[in-house]
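The values are calculated or read from the model by the stated rules, or taken from the named source; none is laboratory data. These numbers were taken from a predicted model, which means no experiment stands behind them. Positions of Cβ are generated from backbone atoms using ideal geometry, with glycine treated the same way; all protein chains shown enter the neighbour counts.
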């Protein structure tokens, strides 16, 4: 999957950055609602690349946070729910045949 440079959710335009210094050591992605930034890891500090399925899953995980936040939904920051939903969404998208 190609990661977009920008994405709009509702009226909010997010800038998408890969391998930004702001990511914690073990984090695969993050979202900053105030700065309107989504961070996605595509490789580790040792140069090892992240599997494309994991990159895709991380992107859809952060997008799930963004959509729920835009909706004002109380689950926007519930990692258990977001992880479960994003896993299903990512699997469905990855399996799509066009």
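Table: residues versus (1) over 19 Å from residue 90 (Cα atoms); (2) at pLDDT below 95; (3) under 12 Å from the mean Cα position of the chain (by Cα).
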site	(1), (2), (3)
19	yes, yes, no
34	yes, no, no
38	no, no, yes
42	no, yes, yes
45	yes, yes, no
48	yes, yes, no
52	no, yes, no
76	no, no, no
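Could you check the range 24-39 and list, in sequence order, the residues that are closer than 17 Å to residue 13 by Cα and not in a strand (DSSP E or B)?
33, 34, 35, 36
Filtering the range 75-88 to residues that are surrounded by fewer than 18 Cβ atoms within 10 Å (Cβ to Cβ) and within 18 Å of residue 12 (Cα to Cα) leaves only 77. Could you look through the range 40-62, keep only residues that are in contact with a strand residue (DSSP E or B) (Cβ under 7 Å, 6 or more places away or on another chain) and part of a helix (DSSP H, G or I), and pick out the one that is farthest from residue 84 (Cα to Cα)? It comes out as 55.
Sub-8 Å Cβ pairs linking a first residue in the range 63-74 that is free of Cβ contacts under 8 Å to residues at least 24 places away in the same chain to a second residue that is surrounded by fewer than 17 Cβ atoms within 10 Å (Cβ to Cβ) and in a helix (DSSP H, G or I), at least 6 apart or interchain, are 68/75, ordered by first then second residue.
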